Amino acid sequence: MSEQNTVEVETAHGRISGLMEGGIARFLGIPYAAAPTGDLLFDAPAPPEPWTGVRTAHAFGPTAPKPPLGGQLGDIVSDPDIEGEEWLNLNVWTPDHRASGLPVLVWIHGGGFTTGSSAVPTYDGAAFARDGLVCVSINYRLGVYGYGYLPDAPAPANRGLLDQIAALRWVRENIARFGGDAGNVTVAGESAGAMSVLALLSRDDGLFHRAIAQSGTAHIGQTPEDATKVLKAVADKLGIEPTCRDLTDISAEELLKAQNMVSADISQAPDAAKYGASTMAGCGMSFMPVVDGTTLPKRPIDAIADGAGATIPLLMGTTAEEFRLFIVTTVLVAWNIPALYNNHLNCYSVPTGSWNEYKKGGTGTYPRDAACGVACALFTDRMFRIPTYRVAEARAATAGAAPTHLYELGWRSPVTPNKIGVSVGACHSVDLPFAWNTLDLPESLKFTGPNPPQPLADALHGAWAAFAESGQVSWAAYDTAKRPVMTYAHDNTPTTHQVVEDPRRSERQWWDGHPATS
């Protein structure tokens, strides 16, 4: 390990000490808002209290309360849990805090709005700093704390989204002190982080200038009525009223236990009558941004179709087999009878006839020779690929809109987290060690297996870095004439990256005939 030295920076709230290693300075666990405890638990984020002296910023700060990742998913996905009350913190990596005008990348982690944090080892911002960027990663409130709908709370909805906005405002106010340019900020995220990016894009606040959304959707957005049903179910498990006051008195451990029970019910036995259509449209997620008319005036896809965020260049990606992560790591992988997937077909609101449509395809690299293969392809498109195209098409139809570039990652991980030898393949999140260029970390290797292809990381990470610096990539913007999509590791070949026009056209056209569900 190279020698570490300390380096100090003055922020708007006080002086901090970071660590310098290998020419990169990192400042970890910086509070961008006050600890959300007591009266602030269900309130909008408040500014942090200024401090005197030098605050040490050498280790990741506390993570928001969240349930552990259990089972086979927890075996391959890292999700550190760090105790403490100052959940609302962020991290900064910079190649030169004395510089000026460096491009900035702000990362919003995923985790279904209930898990994840900025302390995941894969998200080591040193890789982007070595490219000449200032990299920032943030924590935000999760689950009931972040997205439970409480009409009697000071901030009734979307506290997690308000946290993200507060972090971006901190970046605007402070990033120049780390060498960054507050006028050249790219916000990026994966999964729930990408959904957050698209929600922020739809608000059009002017807090960032480019956006990267990996494996997300702009079609989510609970109605207040449906969000009320979900929170009532949690309160019923606790034997309390679904009020801010009652929930404040419940320990995080008790709350997370009840939250998990309701989340499992929604994903395993979906009931639109009980939880509402907008919750079912979330495809198994129990907590998500709420269309409250203020923080989130419309569903992101509707606002984007109306032109929101049109001036912001957008890079969007998916993996070829997103949903394998959620099937291969569970008992669903052994289901070989299509009827067993009926609950999930209902939960994901797929059109009648979809199963037979998807059973016809999938020859070659991504076969569908078993029920789980059909389900993986169908749910991948329902949740990720088609919604990604919908955003690109909405922007392409907006006069004067900035470019939208699409890509897909097709490399298949050989890791088999189950007892029947079915690999995760080109699943959800397998792209992250490549995008972050952190393939050598033990946590990454649990997901990729040994010897993941470095040339693929060079290509995908390089595209992210170039886009964050200038908004430019090497392939044409999406349009509805040719529909170009850069396919990294095309047909599972790690060094073959090529543009494919309108990939899997027949299935896209199938969804075009069923717009209400996509």
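Laboratory data are not the source of any read-out in this text; all were calculated from the coordinates shown. Source: prediction; values computed, not measured. When we count neighbours, we look across all protein chains shown, and the Cβ atoms used for this are built from the backbone with ideal geometry, even at glycine.
Just so you know, the Rg over Rh for region 13-67 is 1.05, from Cα atoms, with Rh as the Kirkwood radius.
Once you order the gyration tensor axes a ≥ b ≥ c over the Cα atoms, which shape class does region 224-280 get: rounded for a/c under 1.5, otherwise prolate or oblate by comparing a/b with b/c? Oblate. 7 Å from Cα along Cα→Cβ at both residue 236 and residue 264: what's the point-to-point distance in nm? Distance between label points: 1.7 nm.
Given the pairs 298/482; 419/446; 229/257; 66/229; 257/298, which are separated by over 25 angstrom at their Cα positions? From 298/482; 419/446; 229/257; 66/229; 257/298, over 25 Å: 298/482; 257/298. Among rounded, prolate and oblate, which fits region 228-359 when a ≥ b ≥ c are the square roots of the eigenvalues of its C-alpha gyration tensor, a/c under 1.5 means rounded, and a/b larger than b/c means prolate? Oblate shape, in that a/c is at least 1.5 and b/c is the bigger or equal ratio.
Each Lys or Arg adds one and each Asp or Glu subtracts one; over the other residues with Cβ under 11 Å from the Cβ of residue 512, this totals +1.
Would you please classify the overall shape of region 308-467 from the alpha carbon gyration tensor, given that a ≥ b ≥ c denote the square roots of the eigenvalues, rounded means a/c under 1.5, and beyond that prolate means a/b larger than b/c while oblate covers the rest? The shape class here is oblate.
Note on residue 274/residue 294: beta-carbon distance plugged into 1/(1 + (r/R0)^6) with R0 of 35 Å gives a FRET efficiency of 0.85. Across region 66-154, counting alpha-carbon atoms alone, Rg and Dmax equal 15.7, 47 Å. From the largest down, region 139-221 spans 40, 28, 20 angstrom on the principal axes of its Cα atoms. Helical runs assigned H by DSSP (4 residues or longer) give the chain a calculated mean residue ellipticity at 222 nm of -9000 deg cm²/dmol, each run adding -39500 (n - 2.57) before division by the residue total. For region 1-123, pairs of C-alpha atoms spaced more than 24 angstrom apart make up 35 percent of the total. Spin-label model, residue 466/residue 496: points 7 Å from Cα along the beta carbon direction are separated by 2.1 nm.
Segment residue 246..residue 302, full-extension length gain: 16.7 nm, with 0.36 nm per residue of separation and the alpha-carbon distance subtracted. Site pair residue 177 and residue 6 shows an inter-label distance of 1.7 nm when each label is modelled 7 Å from Cα along Cα→Cβ. Debye-formula intensities of region 73-113, expressed as log10 I(q)/I(0) at q = 0.17, 0.19, 0.31, 0.34 Å⁻¹, are -0.77, -0.87, -1.24, -1.31 (one equal scatterer per alpha-carbon, no solvent). Placing R0 at 22 angstrom, the Cβ-Cβ distance between residue 508 and residue 369 gives a FRET efficiency of 0.50 after rounding to 0.05.
To two decimal places, what compactness ratio does the chain give when its Cα radius of gyration is scaled by 2.2 N^0.38 Å?
Normalised Cα radius of gyration, the chain: 0.92.
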